[in-house]
Each structure stands twice: as C-alpha cells, then as structure tokens.
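See below for the structure under consideration.
The values are calculated or read from the model by the stated rules, or taken from the named source; none is laboratory data. Keep in mind that what you see is a predicted model, and the values were worked out from it rather than measured. Positions of Cβ are backbone-derived with ideal geometry, glycine not excepted, and every protein chain shown enters the neighbour counts. These area figures cover heavy atoms from the full protein model, side chains too; ligands, DNA and RNA do not enter into them. Shrake-Rupley method; radii C 1.70, N 1.55, O 1.52, S 1.80 Å.
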Amino acid sequence: MHVLPAGTPPALDLRGICKAFDGKPALDDAHFSLAWGEVHALVGENGAGKSTLMNVATGVYAADHGSQIVDGSELSPRSPQEATDAGIGMVHQHFRLVDRFSVAENVLLTLGGRVRSLRAAADLIAAKAREVGLDVDPFRQVSTLSIAERQRVEILKVLLLGARIIILDEPTAVLTEEESSALLVFTRRLADADHAVVLITHKLKEVAAHTDRITVMRHGKTVLAGAPMAEVSEAEVGRLIVGEAVVAAARPQSRPGEERLVVRGLGFDGQKRGGAVELTLRAGEVLGLAGVGGNGQEQLVACLAGTLAASAGSFTLSGVDVTRATPSRRRDLGLRVIPASRFATGLVRQMSIAENLAMTNVRTGHFGGRWFLDRRRMKAAALAAIERFDIRGAGPNRRTELLSGGNAQKVLLARELDDGLKVLIAHSPSRGLDVKASEFVRDAIRAAVEAGAACLLISEDLQEVMGLSHRVAVMNGGVIAGNRPIADVTPEWIGALLTGHA
Amino acid sequence: MDFLIGWLAIIPSYTTPLLLASVGLILSERAGVLNLGAEGMMALGAMTAAITVLAGHDPWMGIAAGAAAAVAVSLLFGLAVVVFRADQTLAGLAVVAIGLGVTGTVGRPYVQQTFGGLPKLGDLLALDPANPLGRIIAAQDVISLAAPILALAAWWWLMKTQAGLRLRAAGENPAAADVAGVDIQLTQLAAVLFAGLMCGLAGAYLSVATSHVWVENMVAARGWIAVALVILAKWSPARAVIGAMLFGSADALVPRLQAIGADVPVYLMMMLPYALTLFVLFLTSLSGRGSGEPASLGAVYLRQDKH
C-alpha cells in the first residue's frame, strides 16, 4: 500500500448501514472503510452480510439506515447505474456475459451509447487490457473462453465503465491456484495504479499475502474494521469469523453404537488434487460436517444418495458395500436423504402430499401391490403424517408447492424419518426456515438419533452443527479437513479449517 | 424452355410470403420470444386485405390493412407473453386458432370474390414479351422485389447496429442485457409487433398480389413452413432468403406441372414442400455445428429483485 498524502478522504466509507429483508436484519450497523491504493479483504461466513453490504454500496439494494461517502462526498446510490457513474464497479460471482457474443460485443452492450462501433469497442478493450496488463482477445467468442478469461472480461468491463473502486465477489472461488495468484497480483497492480480493491472471500489464507487490510463481518455486523493485515493473527480472524456460536452451543453426550456408514477414500469431481473423503458414522450419533458451501458438499451428498458416481474409493452401509448400488438398494439398507434443495431432489412440486409420501414405498407394494395405487391407504398414511408432523393448513391432496417452506420440509421429514431409517443424510435441513420450523426439524432429527439412527448433518450454519452434533468435521476443498469430538471443538480450530489454514 | 421460364417467373411470388413471415419470426425469436402464431397472423392479413380491396379500396390500402390486423393480434400476443408471462407455445397456438377462426367466420361472405390485385411490373413498364428475361421481370411486383432487400436489411440491422446487438442480447441472456440497461419487455414487445407486421404483409401478399381472391384456409400451412424456415435459416435473416427460395421453388413447381398437364399425382406433389421441410430439418440436425437458437428462446425473464 503506497503512502497517500495526509487528509486524503477514503475511497469508500460506509457508516452504520442497516438493511432488513422481510423484517429479518441482514445488516445491522455495518461499517466499512476503503482507502485509495489498497486491497481490502472482506471476510465472514455465508450470510454474514458481506455481499449484502457491497450490494448496498453498488446501489443494488437501498439501505434502511446509514450513510455512504464516496471519495469525500456523500452519495447513496439508488441504482447500479448511479454507483457506476460514481466509479464503483462490482464483479459478481456469476458472470453476466452473453456466451454467444464476442468479448467486444459484450463490452459494446455494456457501454451502450458511449462507444460508436464494434471496432471502437475492440480498440478500447485492447488498449485497456494493455494498460492494466490483462490478456484478452476482443474477438474471441465468450463461450470459448475459460472461466479465468471470462473473469478478466468482467473486470475489463467494470474498468471500461470508469470504475476506480472495484469489488470482486469471491473471485478465487472459481479459479485454479495459479489463476488465483495471477489475479491477486493483478489486483495489487490495480491498487498501486490509484484504484481501490475489495476482495470478498472465504479463503483468507489465499488472499492474506496480497491484501493490506481486513474487515470481518458476522451476523450483519462489522466485528473487525479495517485492521492492517500484518497486525492480526490467523487464529484471531478465525475466532472472529465464527464468533461465540461454537462455545455457547449445547453439547450432547456421545454414546456411539455400531458403525453404520463407513466412507473410505471417496473421490469425486471438485476435490483438491489427490483428495478423498474418509468418514465413520455410528448408530446414535450425529456427525456434523461444517464448511463453506461449494466445497464438495453437494457432490458428497449426491455420491452417498446414489445420483452421482464416485470416481474413487468406496463406502458401506451397515457393512454392505453400496458404492455402486442403485438408490433403491441403498434405501432398502436404511439410507434416507434430506437434500439441500427440497424441490430439486426431494419432493415433486406438482404432486400432492399423499403422493409424495407414498412415492418411496410404491415400489415395495405397500400402496396397492404391483400394478395399482391404493388411494385410500395413501390418504390414511398422509393423514397420519400430517398429524404426527404437525403439517399445517393442508389436506392429503394439496400440492406440495403450495405449502410453506417449513411445512414442505415436514412432508420430507415425514417420508424420510420412517421406520426403516438407519442412516440419515441431512443437508442444510433448516435452510430458509423460520426459527420455529428450524427447531422442529432439529428436534425431529434429535429424536430419530435418540431412537438409534445415525445422522450425517451437512450444514453451513455453525450454530446448527454445534447444536446437534456429537462430533464435528470440517469440509474444505472436497476433503475432510478435520474431525473432533464436540467437547474438543474450539472457535479457532473451526475458523482455521474453514478459511483453509491447517 | 417455356416451362422453365414460366416456373422462374412465379418462384418469387411463392418465395415472398415465406420470406417476409420468417424474417419477422426470426427477429421475434432473436429477442427471445417463441412465435408460433404465423399461420393465424397470415390468415388475418390475407382476409383483411381482401375485404378492404373488395370494399373498393386501393390494393396498397388492402395490404396496409392486412398488416395492421396482424399487428393488432400480435399486440395481444405480446401483452400475454411479455407482460403477463403466459406460456409462449400455448399463446402462439392460440393466435393460430384465433386467426383461423376469425377469418373463417368474418371472411365467409367474401369467399371466392375475385378482385383486381397489386399491379405486376409488366403492367407498369414496357417490357418485351419475346425476351425471356422480360417475361420473368414482367411477372414480378414491387413487394417480391423488395422482400429480399428487406431481409438483408434486417440481417444488417440485427448484426451490425447497436440496437440489433441489444435485441440479440435480450434473447441470449436477458439478465446480462438487463444489467447493461436493455429494457427487456419493451424490446421483446417491439420484436413481436414487427413479427406481426411481417406476417400480416405476407398474408396480404397472398390474397392481394398472388391470388386476387379470398378463400378460407388459403394460407395452407405456409405459416408453419415459415416457422420451420426460422430453424432452417439458423435464425439468420440472410440465410432465410435462400431457404425461402428453396421452398418457394418447390411450391411453385406444383401449378406449373399442372399447367403443362404433366402426369404426376397432384396430391403427392402438393406434399412436396412439407416433405422437403422434414428432410431439410433432418439434414440441419445432422450438421453438428450450433443451431443458432437463441439461448433464452421461450424463457420467461423475471428480474431478481430484493428491494
């Protein structure tokens, strides 16, 4: 970070920002100050409010309270357009490029009336690319570019719109290690050329060497504001990221029974080189798998459920190797799954509660033998489930898409937590539910485990993991980065594993 | 030789309605709106134009009225799919049903009444009937000459102007276009209305320039061939010129063969354009290269707002 003349106003100063969605606070008195010429890391768990805060800064959301000062003057952008005009640009995690267009056509689309022709756009791109040292061919079609190249196009777009404050949302999440370090070197160069750069990230370790200051957010609040990177320890930051959730949680006693799920050297796409998942899950325990989303959780669940073929390794259910078994064979052995997205792989939206509940047992002939459907029996089973799981405001024939999130999740629970349950894979079981429904889901899982089931709980919500688990493991880069009994779990340990130290 | 000249002379009049309609559909689909209503819009255009001329108006007035009628129904279609986000396939089929139903009912009193249509170039210019080229040119009209030029202009506008770029962006990635400041709904609505205009022109051309009469079902699935042509042309107005000529030539063969009394099964011959459609679609699906279909064709775009 080069020395600025005394009294230079910050590039961006956000003060006391509050923002609530549907009454739920996403930002609660958040602060953020960014200086010219620096690369500033903004870290925190998923849902800590990092992206929301930057969306306020770029005019995507309007803050409920608080003030925003851009380069010394008060400015609260009411639209992304106003933020762009003020020189603030954001590169989102999901690129906004037209795949079938060339790089130049994409830039022309973005710049609109500011450029006269495709030729002029291509010249601008080439000149800017040379100036900042990014390698981009204006005439390549975007669909032929690698992810890293597309990211460069997005960065160039933002720069060509005149941005001097550049916000990169999880820029390294999609990049290889080499590409990441090239990008970070680039951001440093940009900062040295009188820009200001914000890196929103989970991967603290990766960016630590390339950033000047760090701001940590938790639950919508700023818990560490712009500390110089050199003055904070990794352990300290880890503790700040995860907060007190880890310490305050209840710690149920573990009384493990027989081995129910044993995973040995399981491999799938998205793992770091040579990575493999090792797990042992016993009857009567919850193994909580914490980790930032996108670190292989989806693939692990799909492998276990049988919708994705493992590329290496094996796993057994109650001693039977089911690595290549069909999903129904796994079900027969007592595997039950609560997927992260209820309607993608759990329930059929357009079908009724009764039909969704009966679906997994039609095959066994429970609902009308080999050929027919016993509607009366399905209805009776549905009524029983509605009663037992307190599914509100719905009869057996109601389509599940018409249910609230909590009630739809209860339908799924009613189906999966049946008598045959031996191993439950629960992926973010309370995501998107209100407090009461979340508690219901957790109680149901607790009761099932009390009754002798084994549960692998995969969640980004640390409080959930800490509140349910007997043992805690952390998933990072597609592998299990650590595994401890709940009594030995410390905030520093989880924080370090989440952010990729250790 | 006579047969050849006669055939060449009528090819453009068979090509023109297909070309006009498919260019309109291509622009609509490039903006992301699947438009299956061509058959209905062409029928409306043909009947309205015929009624207008039968009421004593100029043929050009008839063509304008036919185009306006199709624009009116495509405004309904556009509001349904762009503003109210109705299913584009169903709404398109509804336009076909409306077009065929309305023309069948309203057009009944006017069926089979011939009228003086659009003048041919032969009526306007002094051309030597002995010269084969003169004979071919004499059989043309202003619209059949303008149609390919219009198609190429549409191609140029789509591919070379910023407005065209914005329209294509709306059909490829509406989210990206929205961020770039493109008004998706307005763009799509404009494209739908343009498709209506072109389909109306195509229909009006059939009754006022080619047949000089209104007969129920006179569009005879040409609207559907235009829909197929869009795919065949890989959503390019320039390629549509070639495709329309291919189909127009096949279509024009039937009356010529009948005229010279050739001993061919008429119904089999009338099948030719449709069989050709299937065959060509089969061929294009074999060529591995991208179909050119807009990535968000038929998709409903909803902005993700959390304000």
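Residue pairs, Cβ under 6 Å, 6 or more apart or interchain, first in the range A:92-104 and closer than 13 Å to B:GLY171 by Cα, second open to solvent by 50 Å² or more (accessible area, probe 1.4 Å). List them. Pairs that qualify, where the first residue is closer than 13 Å to B:GLY171 by Cα and the partner is open to solvent by 50 Å² or more (accessible area, probe 1.4 Å), are A:ASP99/A:SER143. Filtered by the rule that a residue be assigned to a loop (DSSP other than H, G, I, E, B) and either closer than 25 Å to A:ALA496 by Cβ or open to solvent by less than 10 Å² (accessible area, probe 1.4 Å) (or both), the range A:16-52 gives A:GLY37, A:GLU38, A:GLY44, A:GLU45, A:ASN46, A:GLY47, A:ALA48, A:GLY49. Against the definition (crowded, with 23+ Cβ neighbours inside 10 Å and either part of a loop (DSSP other than H, G, I, E, B) or free of Cβ contacts under 8 Å to residues at least 24 places away in the same chain (or both)), how does B:TRP214 come out, yes or no? So B:TRP214 fits the description; yes. Can we say A:LEU373 is part of a loop (DSSP other than H, G, I, E, B), open to solvent by 60 Å² or more (accessible area, probe 1.4 Å) and outside the structural domain of A:ASP443 (by TED's automatic domain parsing)? For A:LEU373, the condition - part of a loop (DSSP other than H, G, I, E, B), open to solvent by 60 Å² or more (accessible area, probe 1.4 Å) and outside the structural domain of A:ASP443 (by TED's automatic domain parsing) - is met. Does A:LEU412 fit the bill of being in contact with a strand residue (DSSP E or B) (Cβ under 7 Å, 6 or more places away or on another chain), modelled with pLDDT of 90 or more and not assigned by TED's automatic domain parsing to the domain that holds A:GLN297? Considered against the rule, which asks whether it is in contact with a strand residue (DSSP E or B) (Cβ under 7 Å, 6 or more places away or on another chain), modelled with pLDDT of 90 or more and not assigned by TED's automatic domain parsing to the domain that holds A:GLN297, A:LEU412 comes out as yes.
Taken together, the residues in the range A:445-461 that are open to solvent by 20 Å² or more (accessible area, probe 1.4 Å) and assigned to a loop (DSSP other than H, G, I, E, B) amount to 4. Scanning the range A:267-276 for residues that are touching a residue at least 24 places away in the same chain (Cβ under 8 Å) and either out of contact with any helix residue (DSSP H, G or I) (no Cβ under 6 Å at 6 or more places or on another chain) or charged (D, E, K, R) (or both) yields A:GLY267, A:ASP269, A:GLN271, A:LYS272, A:GLY275, A:ALA276.
Is there a residue in the range B:217-233 that is away from chain A (no Cβ under 14 Å), of a type in the set (D, E, K, R), in a helix (DSSP H, G or I) and in contact with an Asp or Glu (Cβ under 9 Å, 6 or more places away or on another chain)? Taking every residue of the range B:217-233 in turn, at least one turns out to be away from chain A (no Cβ under 14 Å), of a type in the set (D, E, K, R), in a helix (DSSP H, G or I) and in contact with an Asp or Glu (Cβ under 9 Å, 6 or more places away or on another chain).
Might you check whether a residue that is open to solvent by less than 80 Å² (accessible area, probe 1.4 Å), more than 29 Å from B:SER236 (Cβ to Cβ) and among the charged types (D, E, K, R) occurs anywhere in the range B:99-119? No, the range B:99-119 contains no residue that is open to solvent by less than 80 Å² (accessible area, probe 1.4 Å), more than 29 Å from B:SER236 (Cβ to Cβ) and among the charged types (D, E, K, R).
If I filter the range B:157-177 for residues that are open to solvent by 60 Å² or more (accessible area, probe 1.4 Å) and away from every other protein chain (no Cβ under 13 Å), do I get at least one hit? Checked against the condition, which is being open to solvent by 60 Å² or more (accessible area, probe 1.4 Å) and away from every other protein chain (no Cβ under 13 Å), the range B:157-177 yields at least one hit. The number of residues in the range A:421-475 that are among the basic types (Lys, Arg), modelled with pLDDT of 90 or more and under 22 Å from A:ILE391 (Cα atoms) comes to 2.
Filtering B:ALA190, B:ALA146 for residues that are part of a helix (DSSP H, G or I) and either farther than 29 Å from A:PRO80 by Cβ or open to solvent by less than 10 Å² (accessible area, probe 1.4 Å) (or both) leaves a single hit, B:ALA146.
On inspection, B:ALA50 fails the criterion of being part of a helix (DSSP H, G or I), over 28 Å from B:VAL254 (Cα atoms) and at pLDDT 95 or above. Among the residues of the range A:398-409, the ones that are within 23 Å of the chain's Cα centre (by Cα) and not polar (S, T, N, Q) come to 3 in all. I want to confirm something. Restricting to the range A:53-91 and keeping residues that are among the β-branched types (Val, Ile, Thr) and in a strand (DSSP E or B), which single residue is nearest to the other protein chains (Cβ to nearest Cβ)? Once the filter is applied, the top-ranked residue is A:VAL91.
A single member of B:LEU75, B:LEU79 is open to solvent by 10 Å² or more (accessible area, probe 1.4 Å) and over 12 Å from B:GLY200 (Cβ atoms), and it is B:LEU79.
Does B:LEU278 satisfy the criteria of being modelled with pLDDT under 80 and open to solvent by 40 Å² or more (accessible area, probe 1.4 Å)? In short, no.
Here is a yes/no grid of residues against (1) open to solvent by 10 Å² or more (accessible area, probe 1.4 Å); (2) within 11 Å of chain B (Cβ to nearest Cβ); (3) of a type in the set (S, T, N, Q):
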position	(1), (2), (3)
A:ASP99	yes, yes, no
A:VAL107	no, yes, no
A:ALA122	no, no, no
A:GLU131	yes, no, no
A:ASP137	yes, no, no
A:VAL153	no, no, no
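A:LEU111 meets all of the listed conditions (1) open to solvent by less than 20 Å² (accessible area, probe 1.4 Å); (2) in a helix (DSSP H, G or I); (3) more than 9 Å from chain B (Cβ to nearest Cβ) but one, namely (3). Once the range A:301-335 is narrowed to residues that are in contact with a strand residue (DSSP E or B) (Cβ under 7 Å, 6 or more places away or on another chain) and more than 21 Å from A:PHE268 (Cα to Cα), the residue that is most open to solvent (accessible area, probe 1.4 Å) is A:SER318.
Kindly check whether there is at least one residue in the range A:183-203 that is free of Cβ contacts under 8 Å to residues at least 24 places away in the same chain and over 19 Å from the mean Cα position of the chain (by Cα). The answer is no; no qualifying residue exists.
Residue-wise test of (1) in contact with a Lys or Arg (Cβ under 7 Å, 6 or more places away or on another chain); (2) at pLDDT 90 or above.
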position	(1), (2)
A:ASP123	no, yes
A:SER143	yes, yes
A:ARG150	no, yes
A:GLU154	no, yes
A:ARG164	no, yes
A:GLU179	no, no
A:LEU184	no, yes
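Identify all residues within the range A:86-102 that are touching a Lys or Arg at 6+ places or on another chain (Cβ under 7 Å) and small (Gly, Ala, Ser); write none if there are none. Matches in the range A:86-102: A:GLY87, A:SER102. Residues of the range B:234-249 being assigned to a helix (DSSP H, G or I), open to solvent by 10 Å² or more (accessible area, probe 1.4 Å) and closer than 24 Å to B:ALA195 by Cβ, which ones? Hits for the range B:234-249 are B:ALA238, B:ARG239, B:VAL241, B:ILE242, B:MET245, B:LEU246. Of all residues in the range A:379-435, which are under 21 Å from A:THR345 (Cα atoms), among the charged types (D, E, K, R) and outside any loop (DSSP other than H, G, I, E, B)? A:ARG399, A:GLU401, A:LYS410, A:ARG415, A:GLU416 - these are the residues of the range A:379-435 that are under 21 Å from A:THR345 (Cα atoms), among the charged types (D, E, K, R) and outside any loop (DSSP other than H, G, I, E, B).
Quick grid of which residues meet (1) open to solvent by less than 10 Å² (accessible area, probe 1.4 Å); (2) over 18 Å from A:ARG442 (Cβ atoms):
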site: A:GLN463; (1), (2): no, no
site: A:VAL472; (1), (2): yes, no
site: A:GLY478; (1), (2): yes, yes
site: A:PRO485; (1), (2): no, yes
site: A:ALA496; (1), (2): no, yes
site: A:GLY500; (1), (2): no, yes
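For the residues B:THR52, B:THR89, B:THR16, the requirement of being of a type in the set (Val, Ile, Thr), under 14 Å from B:VAL208 (Cβ atoms) and within 19 Å of the chain's Cα centre (by Cα) singles out B:THR16.
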